[in-house]
Amino acid sequence: MVEQIDYEKLKEIQLFKNFDDEELAIVSKKIFEKNYKKDSTLFVEGMPGEILYIVEEGSVDIYKKTPKGELKVTSIGPGDIVGEMSLIDDEPRSASARTSADSKLIVITKKSFNEILESDPKIAAKICMSLLKIISKRLRLTDKKFETL
């Protein structure tokens, strides 16, 4: 089931924390919510990326292919994002993602993001800055994991 999202919900999401009501109203018209059953595949490693997902309810597991089979890398929950690199580059997905519970996800398509980029570059810049902060935080956490090896 696909639903347009109420911009009041967006205020609670890290990606949109620094947006004002007018900006959230614009963004809310370009994105939507969708319900997914447990074990729904969102994307597969190696396929083209066209969608960023924000977990509103439920959880998503991230998997990476290895010579020994698929390895679960992490689980993400409410407020977390997955698929963010698909908005930034045209490279294939670097991992696979499946819901590990019935979930409600906020969906931002590359097409919608590009429409925002063209019509409201200031809003697109804010989204990009938020994404950069999230990606930077993840990279720093990954670096810390290697410090203990």
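Quick check on my filter: what residues within region 79-134 are small (Gly, Ala, Ser) and over 20 Å from Lys30 (Cα atoms)?
Ser94, Ala95, Ser96, Ala97, Ser100, Ala101, Ser103 - these are the residues of region 79-134 that are small (Gly, Ala, Ser) and over 20 Å from Lys30 (Cα atoms).
From (1) modelled with pLDDT under 90; (2) touching a strand residue (DSSP E or B) at 6+ places or on another chain (Cβ under 8 Å), pick out the condition that doesn't hold for Ser59.
(1)
In this structure, does Ser86 turn out to be among the hydroxyl-bearing types (Ser, Thr, Tyr) and modelled with pLDDT of 90 or more?
Spelling it out, it is not the case that Ser86 is among the hydroxyl-bearing types (Ser, Thr, Tyr) and modelled with pLDDT of 90 or more.
Confirm whether Ile26 is among the hydrophobic types (A, V, I, L, M, F, W, C) and more than 23 Å from Leu139 (Cα to Cα).
In short, yes.
State whether one or more residues within region 60-67 are without any contact (Cβ under 8 Å) to a residue 24 or more places away in the chain and closer than 25 Å to Ile5 by Cβ.
So far as region 60-67 goes, no, none of its residues is without any contact (Cβ under 8 Å) to a residue 24 or more places away in the chain and closer than 25 Å to Ile5 by Cβ.
Quickly run through region 31-50 and pick out the residues that are among the hydrophobic types (A, V, I, L, M, F, W, C), modelled with pLDDT of 95 or more and in a strand (DSSP E or B).
Leu42, Phe43
Could you list, in sequence order, the residues of region 79-137 that are in contact (Cβ under 8 Å) with a residue 60 or more places away in the chain, of a type in the set (Gly, Ala, Ser) and assigned to a loop (DSSP other than H, G, I, E, B)?
Listed by number, the residues that qualify are Gly79, Ser100, Ala101.
One line per residue, one yes/no per condition, for (1) among the polar types (S, T, N, Q); (2) touching a helix residue (DSSP H, G or I) at 6+ places or on another chain (Cβ under 8 Å); (3) crowded, with 19+ Cβ neighbours inside 10 Å:
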| residue | (1), (2), (3) |
| --- | --- |
| Glu50 | no, yes, no |
| Tyr53 | no, no, yes |
| Glu118 | no, no, no |
| Ser136 | yes, no, no |
| Asp143 | no, no, no |
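Could you please let me know if Val60 is out of contact with any helix residue (DSSP H, G or I) (no Cβ under 6 Å at 6 or more places or on another chain), under 22 Å from Phe19 (Cβ atoms), among the aliphatic types (A, V, I, L, M) and buried (at least 19 other Cβ atoms within 10 Å of the Cβ)?
So Val60 fails the test.
The values are calculated or read from the model by the stated rules, or taken from the named source; none is laboratory data. Values in this document were obtained by computation on a predicted structure and should not be read as measured data. Using ideal geometry, Cβ is built from the backbone for each residue, glycine included, and neighbour counts are taken over all protein chains shown.
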